[in-house]
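The values are calculated or read from the model by the stated rules, or taken from the named source; none is laboratory data. Just so it is clear, the structure is predicted and the values come from calculations on it, not from any experiment. Here Cβ is always computed from backbone atoms with ideal geometry, including for glycine, and neighbour counts include all displayed protein chains. Quick note on the areas: whole protein, heavy atoms, side chains included, nothing else; ligands and nucleic acids left out. Shrake-Rupley method; radii C 1.70, N 1.55, O 1.52, S 1.80 Å.
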There are 2 protein chains.
Amino acid sequence: MDISSEQHSQHISRQFNQELEGLKTHLMAMGGLVEKQILDALTALLDGNGELAEEVRRFDHEVNEMQLQLDDECTHILARRQPAASDLRLVLAVIRAASDLERMGDEADKIARHALALMGGQHNDRGFVEIRRVGAMVRDMVRNALTAFARFDTKLALEVRRADTEVDNEYKSALRSLVTFMMEDPASISGVLDVLWVLRALERIGDHADNLAESVIYLVKGLDLRHTHLRDLDEKDLDDIG
Amino acid sequence: MDISSEQHSQHISRQFNQELEGLKTHLMAMGGLVEKQILDALTALLDGNGELAEEVRRFDHEVNEMQLQLDDECTHILARRQPAASDLRLVLAVIRAASDLERMGDEADKIARHALALMGGQHNDRGFVEIRRVGAMVRDMVRNALTAFARFDTKLALEVRRADTEVDNEYKSALRSLVTFMMEDPASISGVLDVLWVLRALERIGDHADNLAESVIYLVKGLDLRHTHLRDLDEKDLDDIG
């Protein structure tokens, strides 16, 4: 290879690396917005702040835009750069992750909608303790999943996967106590159902954070862990992953 | 190009076409299984058939397997064939579609789980009329979305998108009548909640069928209609798409 064509190919590969870095940066920006949407939706609900809930609803649009842009970037990279091996895995992991983040955004929007419904009704704060608790757990999961992605940290990704089981348990126990409450006080049903939908939305955000964590493991190790339960992996597998 | 290298490149391109055809065939096979899962879950619930519900739960695993295999096929094609333009769109649309089908499968599994819960309790058939109605609409959407994908039929894809609005309306009206019923008969709450979760699962299957239809439009026209409401498109746009 003569010097000028070597320079040319170095130039190309530097550009390519910049594009891949760009993908990660834009995914993290999208993640940051989604984290804010979840926090704002929860704050709006717990503080009865209608304006904040409306703001969350307006911003859902931005989240959607960011997904479309990320998908475009990925498609262009696939078409022009024809990445292989770990670069290809990165691009596919970003497509998956952006889809999970967009769905988390949808759930934040739902929480804001139910927050507004609750403010319009006569609901007391029954179930708010549970929302606060599950909400904090789920926000931790999302933050850790994004950090794991940024740092390619599979140990942290596995922690996210473990936390999902705890969230599911909390969610089920909250559900049971709310059903009992509705039976005792039928006039509360409509409001308590809004609380139930919010808990369900949080539980789904947790599922998507779990998916994000799986994408990190796929990305770093080339292992596809979707549909694999942690209990089906033995200690050695877990060590290998971490 | 001499004759043998031309034969070689024809050979490669025939293989490549076969691989792309294989993707479509396998996606349709996965779609067929998911359709069956949805039908079986609904039948199990409406007929109180516990064995059938258990079978749906066991088969969810197969749906997951099919998604992993399709994703593998797609990754290999991207890495080895480096497809461009419409071939690249096909591969990306298959990845998206397989993810939507897998989530529909999850919802069918949830319906089967709630069917078993209902059989274990003392629920009468309150809400079953609504489940039957929404279930039939949603099954039509799934079938049409799959047909639209198989035939690259954007007109049919647009019909699916329109049907989703009807499903949402039916779902909301069913929800209201069930809330009223719970208030009148608090002893029924636990069972009626199972019915509510089933309706929510059906509504989500409809959303995923809508996504599938969007993938068809992306595939055929290169237009990304996610996050675009039909009401934001004028008649001319719709003609262009159809």
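A few comments on the model shown:
- Hits in region A:144-196 (condition: open to solvent by 50 Å² or more (accessible area, probe 1.4 Å) and outside any helix (DSSP H, G or I)): A:Phe152, A:Asp185
- Test: residue in region A:79-95 that is within 20 Å of the chain's Cα centre (by Cα), more than 22 Å from A:Arg151 (Cβ to Cβ) and not basic (Lys, Arg): no
- Top-ranked residue in region B:60-76 [being at the interface with chain A (Cβ under 8 Å from one of its Cβ atoms) and open to solvent by less than 50 Å² (accessible area, probe 1.4 Å); ranked as farthest from B:Ile111 (Cα to Cα)]: B:Thr75
- Once region B:218-242 is narrowed to residues that are within 14 Å of chain A (Cβ to nearest Cβ) and part of a loop (DSSP other than H, G, I, E, B), the residue that is modelled with the lowest pLDDT is B:His229.
- Some residue of region B:26-39 being within 14 Å of chain A (Cβ to nearest Cβ), in contact with a helix residue (DSSP H, G or I) (Cβ under 9 Å, 6 or more places away or on another chain) and not acidic (Asp, Glu): yes
- Taken together, the residues in region A:187-205 that are aliphatic (A, V, I, L, M) and either in contact with a Leu (Cβ under 8 Å, 6 or more places away or on another chain) or closer than 14 Å to B:Trp197 by Cα (or both) amount to 7.
- Residue ID - farthest from A:Ile12 (Cα to Cα), chosen from residues in region A:81-110 that are open to solvent by 60 Å² or more (accessible area, probe 1.4 Å) and at the interface with chain B (Cβ under 9 Å from one of its Cβ atoms): A:Ala85
- Residue within region B:111-132 that is surrounded by fewer than 18 Cβ atoms within 10 Å (Cβ to Cβ), assigned to a loop (DSSP other than H, G, I, E, B), within 13 Å of chain A (Cβ to nearest Cβ) and in contact (Cβ under 8 Å) with a residue 40 or more places away in the chain present: yes
- Tally of residues being out of contact with any helix residue (DSSP H, G or I) (no Cβ under 9 Å at 6 or more places or on another chain) and on the phi > 0 side of the Ramachandran plot across region A:145-188: 0
- Only a single item in (1) in a helix (DSSP H, G or I); (2) farther than 22 Å from B:Val160 by Cα is not met by B:Arg103, and it is number (2).
- Figure legend. Inter-residue proximity from region A:176-203: first residues more than 9 Å from chain B (Cβ to nearest Cβ), second residues charged (D, E, K, R) and open to solvent by less than 20 Å² (accessible area, probe 1.4 Å), beta-carbon distance below 6 Å, spacing 6+ or different chains. Indicated pairs: A:Ala201/A:Glu107.
- Test: residue in region B:36-53 that is within 27 Å of A:Ala98 (Cβ to Cβ) and open to solvent by less than 50 Å² (accessible area, probe 1.4 Å): no
- Any chance B:Ser215 is surrounded by 15 or more Cβ atoms within 10 Å (Cβ to Cβ) and at pLDDT below 95: yes
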